[in-house]
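Below: one structure, written as structure tokens.
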């Protein structure tokens, strides 16, 4: 990691003022300076303003500013204006930014602990995912060693939403998926669809609407964004949750030197915000956007069904693919520098099991939407 001097010139001027007070015999200058120090943290993000991920990011920024009474300020830059999405982690490591938000899969060599989300059929609740990633990365020694190696402080990681399938024929089992040309992204997810007999089509988000229109693909595997924000509900009438769960993760991290350089009281505020966003506040913010998405999907004239697979159908697909994909993830994660990836996976699964028993777990927005559609 390339180290850097943290923050903006405001902090530097604060330090200079402290030295001047000391020279003049101005009492406990060190304590006074630390108590009043203001820092500006530069952010780099790939998150688009109107997506469900934006409220999670913005909740963190807002709370850091509010709880510090303005002593922490976030310089909120436009998406990819400082660095391209795949380079944001390196931007934070080398000091071009202090905080970054991007997709972990873009740089798996830095974030092998977060790519565990790629394993399908592992978690069916967005809040359980978020708090389990936080818990496993905080408690597991191998995970902590990897974060120390890359020089980043993990703040939060969350899924962009549970996977749903969009098609023009009902999809209720692996048999229905077989032979269908599916737009699917993510290597592990693509392998799962191939194992089910689907013909996997690689299309970017922006290419998919036309790809469906032109018959390049028949169906999609996406989040609620695909149906609503990318307008695929105009072309696909049946939407279902196969209970695959999540397939990638957004994450936010801070340059470790910046974090360690914060005054103790500001560091405590950062820790408090991290704890709160991961224990439910982040998903509450996320759901504030996904609930209107559900309204749009259910109210759209072309929508014929919004359903979920029964447990037996999900288990059939899970049993056919998950064990092999777990072993592949372990191999990939260890190749990317996570020692004892199997032990980390066990810690993550233990966190998931504990989260499932949480009495006030934030409801998953896809699950809630399916319930509304069939209530």
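Some points to look at:
- Taking every residue in segment 312-327 that is at pLDDT below 95 and pairing it with any residue that is crowded, with 17+ Cβ neighbours inside 10 Å and in a helix (DSSP H, G or I), at least 6 positions away or on another chain, yields no pair with a Cβ-Cβ distance below 8 Å.
- Near pairs, Cβ below 8 angstrom, 6+ apart or cross-chain, from segment 252-263 (closer than 19 Å to residue 79 by Cβ) to any residue that is assigned to a helix (DSSP H, G or I): 252/57; 252/60; 253/89; 253/92; 254/92; 254/270
- Some residue of segment 167-180 being under 24 Å from the mean Cα position of the chain (by Cα) and not in a loop (DSSP other than H, G, I, E, B): no
- Residue match in segment 93-107 (condition: more than 24 Å from residue 196 (Cα to Cα), over 14 Å from the mean Cα position of the chain (by Cα), part of a helix (DSSP H, G or I) and touching a residue at least 24 places away in the same chain (Cβ under 8 Å)): yes
- Residue match in segment 157-174 (condition: over 24 Å from residue 306 (Cα atoms), buried (at least 18 other Cβ atoms within 10 Å of the Cβ), in contact with a strand residue (DSSP E or B) (Cβ under 6 Å, 6 or more places away or on another chain) and touching a residue at least 24 places away in the same chain (Cβ under 8 Å)): yes
- Being in contact with a strand residue (DSSP E or B) (Cβ under 8 Å, 6 or more places away or on another chain), at pLDDT 95 or above and more than 26 Å from residue 286 (Cβ to Cβ) holds for only one residue in 210, 194, and it is 194.
For (1) assigned to a helix (DSSP H, G or I); (2) under 30 Å from residue 232 (Cβ atoms), each residue gets a yes or a no:
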residue: 246; (1), (2): no, yes
residue: 269; (1), (2): yes, no
residue: 272; (1), (2): yes, no
residue: 275; (1), (2): yes, no
residue: 279; (1), (2): yes, no
residue: 289; (1), (2): yes, yes
residue: 294; (1), (2): yes, yes
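- Any hit, segment 330-345, residues being on the phi < 0 side of the Ramachandran plot and touching a strand residue (DSSP E or B) at 6+ places or on another chain (Cβ under 7 Å): no
- Positions within segment 213-227 being surrounded by 17 or more Cβ atoms within 10 Å (Cβ to Cβ), at pLDDT 95 or above and over 28 Å from residue 324 (Cβ atoms), in sequence order: 227
- For segment 278-303, the set of residues classified as out of contact with any strand residue (DSSP E or B) (no Cβ under 9 Å at 6 or more places or on another chain) and surrounded by fewer than 17 Cβ atoms within 10 Å (Cβ to Cβ) consists of 280, 284, 288, 291, 292, 295, 296, 299, 300, 301, 302, listed by residue number.
- Residue within segment 129-151 that is assigned to a strand (DSSP E or B), under 19 Å from residue 99 (Cα atoms) and in contact with a helix residue (DSSP H, G or I) (Cβ under 7 Å, 6 or more places away or on another chain) present: no
- Matching residues in segment 56-75 - criterion: being assigned to a helix (DSSP H, G or I), crowded, with 20+ Cβ neighbours inside 10 Å and touching a residue at least 40 places away in the same chain (Cβ under 8 Å): 56, 57, 59, 60, 64
- Note on segment 258-267: residues that are part of a helix (DSSP H, G or I) and surrounded by 16 or more Cβ atoms within 10 Å (Cβ to Cβ) total 4.
- Looking only at segment 177-212, residues that are buried (at least 16 other Cβ atoms within 10 Å of the Cβ) and under 23 Å from residue 294 (Cβ atoms) come to 8 in all.
- Meets criteria (buried (at least 20 other Cβ atoms within 10 Å of the Cβ), over 30 Å from residue 304 (Cβ atoms) and either within 23 Å of the chain's Cα centre (by Cα) or in contact (Cβ under 8 Å) with a residue 24 or more places away in the chain (or both)) for residue 243: no
The values are calculated or read from the model by the stated rules, or taken from the named source; none is laboratory data. Please read all numbers here as calculations on a predicted model, not as lab measurements. Glycine gets a Cβ as well: all are built from the backbone with ideal geometry, and neighbour counts include every protein chain shown.
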